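The values are calculated or read from the model by the stated rules, or taken from the named source; none is laboratory data. These figures come from a predicted structure and were not determined experimentally. Heavy atoms of the whole protein, side chains included, go into the accessibility calculation; ligands, DNA and RNA do not. Shrake-Rupley method; radii C 1.70, N 1.55, O 1.52, S 1.80 Å.
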Amino acid sequence: RVSDISLAVGKHVFWQEELRALVNPSTPESSLRHPLSQHLNSFKTLKSHSFDCLLEREAMLMEQTRFLDEANLGDYLALQSRCWQLWQNVYTDLIGAPHVNIDALAKALERIRIVCQLGKDAQEGRIFIPVNTLQRFDIRAAYLINHQPNPNINTWLAQEANQIEVSIQTQLQAMNVNDRYHSRPFLIFLQIARERLKKSSRKSSSANWGT
């Protein structure tokens, strides 16, 4: 993240050109400017994937810092899910395994990040809790931005954490053994995030949320 919007736009344009060149089968390595791109160019399986979701996600984050409702937030979660699905598909291609749909779990993972970084995101000027949810729980944006104690924030956090965990358990129970095995790198990330969510949920003081 960068504070200068013109710098952010410049970086976005750079990576837009770089990623499109990366997935072009005829792109010579000499035309790639970033060392990471040059390294990834050797993995031929990447040529069959589109990285547009990464650019769309960053463009969306540059355009808005608030989300009006769950549908609006859902658009962001869908983009984030596509990004995780991209890396999941790249991994299974590299190991010669079939693709595994992780859409619901990826969205849950991002919701965990939103809960656990609520204070940090707000201090940077971005609030992921939809406006209508803030109104329903009587949470003012100033509470989040200034990290002010408020019991309503804890109420929302507890409800959100419970809904996330129920969703994850439901999705994991529906996965067969092979799908779990072929998505183990992602599931490791997910488990780490779940442990972090549990720690956040155990904080009893609303002054400690989102740290």
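Heavy-atom accessible area with a 1.4 Å probe sorts Val131, Val166, Val100, Val177, largest first, into Val177, Val166, Val131, Val100.
All alpha carbon pair distances within segment 131-186 were sorted into 10 Å bins beginning at 0; the resulting P(r) in whole percents reads 20, 34, 19, 21, 7.
A simple rule links phi to the HN-Hα coupling: the Karplus curve 6.51 cos²θ - 1.76 cosθ + 1.60 with θ = phi - 60°, which for segment 59-64 gives 5, 5, 5, 6, 7, 9 Hz, with x for Gly and Pro.
Exposure check, 1.4 Å probe, all protein chains in place: Ile188 carries approximately 100 Å² of accessible surface. Taking one quarter of the surface of the convex hull spanned by the alpha-carbon atoms of segment 57-176 gives a direction-averaged projected area of 8.1 nm².
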